[in-house]
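Shown next, in structure tokens, is the structure this report addresses.
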Amino acid sequence: MSKVPLKNTEGKSIGDYEVADNLLVLDRGEQAVHEAVVAYNAHQRAGTASTLSKSNVAGSGKKPWKQKGLGRARAGYKQSPVWRGGAVAHGPHPRKYKKKVSKKVAKLAFRRAFSAKVDQGDITVIEDLAISAPKTKEVSAVLKNLGL
């Protein structure tokens, strides 16, 4: 049984809260935590980068000059990626970066992260969080008393 400090809203220590050892996982789950964090960060990405392809660039389909006889390189249209103001050949297009994390892996990741916090002593249990009115001032006072 691991012990976690138990405090009231005034910040006074009341005793210890015991966390059952079967809830804590410290021997496995590092990969699960990594996958969960990578999936979370990937989901935060906007994925809105976009460039214009040949069909999206404004301009006519008229040939700039005739194919032969001018001594210049052949050219078919001004929207070509070779030309200034033309398309981008293989540019980015909007997409989702979402990664799937299975329920078992997510549960293991949470248990591992929680267990690490308990092991480091970063968890505090509050006995009774009773606030008379939904006011920021009261919550701020409770957080100040707890030293957070």
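The values are calculated or read from the model by the stated rules, or taken from the named source; none is laboratory data. Model, not experiment: these values are computed from the prediction. Every residue, glycine as well, gets a Cβ built from its backbone with ideal geometry; the counts of neighbours run over all protein chains shown. Accessible surface is based on the protein model in full, side chains and every heavy atom, while ligands, DNA and RNA are left aside. Shrake-Rupley method; radii C 1.70, N 1.55, O 1.52, S 1.80 Å.
Can you report the number of residues in region 1-23 which are without any contact (Cβ under 8 Å) to a residue 40 or more places away in the chain, touching a Leu at 6+ places or on another chain (Cβ under 6 Å) and in a loop (DSSP other than H, G, I, E, B)?
Total satisfying the criteria: 0.
Please go through (1) surrounded by fewer than 10 Cβ atoms within 10 Å (Cβ to Cβ); (2) of a type in the set (V, I, T); (3) touching a residue at least 12 places away in the same chain (Cβ under 8 Å) for V57 and return the number of the only condition it doesn't satisfy.
So the condition that V57 fails would be (1).
Checking H90 against (1) open to solvent by 70 Å² or more (accessible area, probe 1.4 Å); (2) under 30 Å from T48 (Cβ atoms); (3) touching a residue at least 24 places away in the same chain (Cβ under 8 Å), which single condition isn't satisfied?
(3)
Restricting to region 100-148, and then to whatever is touching an Asp or Glu at 6+ places or on another chain (Cβ under 8 Å) and modelled with pLDDT of 90 or more, can you tell me which residue is nearest to L6 (Cα to Cα)?
Filtering region 100-148 for residues touching an Asp or Glu at 6+ places or on another chain (Cβ under 8 Å) gives 101, 105, 109, 112, 131-132, 145.
Restricting the remaining residues to those that are modelled with pLDDT of 90 or more gives 101, 105, 109, 112, 145.
On the way: V101: 33, V105: 30, A109: 25, R112: 21, N145: 13 Å.
Top of the filtered list is N145.
Please identify the pairs in which a residue from region 24-48 that is over 18 Å from P92 (Cα atoms) and of a type in the set (A, V, I, L, M, F, W, C) has its Cβ atom under 7 Å from the Cβ atom of a residue that is open to solvent by 80 Å² or more (accessible area, probe 1.4 Å) and part of a helix (DSSP H, G or I), counting only partners at least 6 apart or on another chain.
L26/D119
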